[in-house]
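Take a look at the structure set out below.
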Amino acid sequence: MRRVAVVAAGMTRFGVRQATYRDLIQEAGKAAFDSNKNILPKDIDSFILSSVFPERSVFQSHLACLAAESVGVRPHKFFGRVENMCGSGIVGIRTAYAAIVAGLSDLVMVMGAEKMNIPAPEEAVLNMMTGLDREWEGAYGLTAPPMFALAAQAHALKYGTTEEQLSRVSVKNHGHSKNNPFAQFQKGTSMEQVMCSKMIASPLRLFHCSSMSDGAAAVILASEERAKELTDKPIFIIGTGQAAHGYAVANFYRDMSHWPALKEAANDAYAMAGIGPDDIDFAEVHDCFSIAEIIAYEELGFCEKGEGGRFVEQGLSDYGGKVVVNPRGGLIGCGHPLGATGVAHAGEVFLQMRGEAGPRQVPGAKIALSHTNSGPGEHHILIYQKGF
């Protein structure tokens, strides 16, 4: 099977941006090309766009071709757009990976972009509601915060997870994002600030939640043969997994503290890579809400089931611990422009494994895991390894 490597990456700063959707795409695209001077737009033979609801937020469809044109790329082997809500970025990278493995392409740009902040905030909330069953659940108020609050309540009831432990995730990730020039939030926060922030859906407070952000990220994937021509620092994709166990919350697991789809996707990725959770140096984990990171520790195998709260409390998911989780600041510290998030994970892997992450550098980083979810029942995994 052909090996696939990340050979270039770039991103915008995430946040409330005055930039248009097209501006964000061009900014991320230029940053990706700037990261590897051996690659020009004319060299790219394929293009994948990851974007969730631009038809609603920027009133534009037919996006893959628009995005490719905006960065000067003329795809002629493989191109299109993917959408899997918050997991779209990893799905885009997996699609490009599959195209290269299949021999349909040799050099693919994956662009993730989202413009979420629009003049009417209530419209942004309605847009987010489209990610759940709008007819039977979203219309009755079951949006993402209460859905993950149910998971937090279940985890607290079964394992004794505390609000202080939830808050430790937020403090850690805001602490990491201080060192990330691309993050939306760069001031850090304290336990007091987190625990005194506004209640959103009990027990989740404002600082336990990721924000709706504008932003874009781009990576370029190459076959091993092309990678050898383009860089002496490739980062190979060595494992991947995906699992979906349902859509409607009404059909989710009776025990919302346990996410079998995540465990299944992770086990498939570990098996493909020939490694286990103890081999991961750092992980980009989908902390859309702080409880999601805690449950991810458990399902990814970083700790035993029910130990996620104590894992973060003991500093085991931080520098000097067992595995560094979300060194760029996660979704809580960086913001969460849906289609861009999984691609931004790959951008962080690119910087870390090249030793270019500055004060947030993970010492000796060689193997990394990237995880996104599209709700408790749908999960996406990539495992990367430093090459050559």
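A few comments on the model shown:
- Residue 195 being in the same structural domain as residue 312 (by TED's automatic domain parsing), surrounded by fewer than 16 Cβ atoms within 10 Å (Cβ to Cβ) and of a type in the set (A, V, I, L, M, F, W, C): no
- Residue among 246, 188, 141 that is surrounded by fewer than 17 Cβ atoms within 10 Å (Cβ to Cβ), over 29 Å from residue 109 (Cα atoms), of a type outside the set (S, T, N, Q) and at pLDDT 95 or above: 188
- Scanning the stretch 285-327 for residues that are assigned to a loop (DSSP other than H, G, I, E, B) and closer than 21 Å to residue 206 by Cβ yields 285, 286, 287, 288, 326.
- Count of residues meeting criterion [in a helix (DSSP H, G or I) and touching a strand residue (DSSP E or B) at 6+ places or on another chain (Cβ under 9 Å)] in the stretch 235-274: 14
- Those helices (runs of 4 or more DSSP H) of the stretch 130-202 in which at least 1 residues are touching a Phe, Trp or Tyr at 6+ places or on another chain (Cβ under 6 Å) and under 27 Å from residue 53 (Cα atoms), considering only elements entirely within it, cover 144-159, 163-177.
- Residue list for the stretch 328-339, filter: part of a loop (DSSP other than H, G, I, E, B) and within 8 Å of residue 210 (Cβ to Cβ): 335
- If you go through the stretch 224-234 and pick out every residue that is buried (at least 19 other Cβ atoms within 10 Å of the Cβ) and either assigned to a loop (DSSP other than H, G, I, E, B) or not assigned by TED's automatic domain parsing to the domain that holds residue 40 (or both), you end up with 2.
- Top-ranked residue of the stretch 254-263 - restricted to ones that are surrounded by 17 or more Cβ atoms within 10 Å (Cβ to Cβ) and touching a residue at least 60 places away in the same chain (Cβ under 8 Å), ranked as nearest to residue 40 (Cα to Cα): 262
- Residue, surrounded by the fewest Cβ atoms within 10 Å (Cβ to Cβ), within the stretch 338-388, restricted to residues that are of a type in the set (D, E, K, R) and under 22 Å from residue 180 (Cα atoms): 356
The values are calculated or read from the model by the stated rules, or taken from the named source; none is laboratory data. In this text the structure is predicted, and so the values were computed from the model without any measurement. Note: ideal-geometry Cβ built from the backbone for every residue, glycine included; neighbour counts use all protein chains shown.
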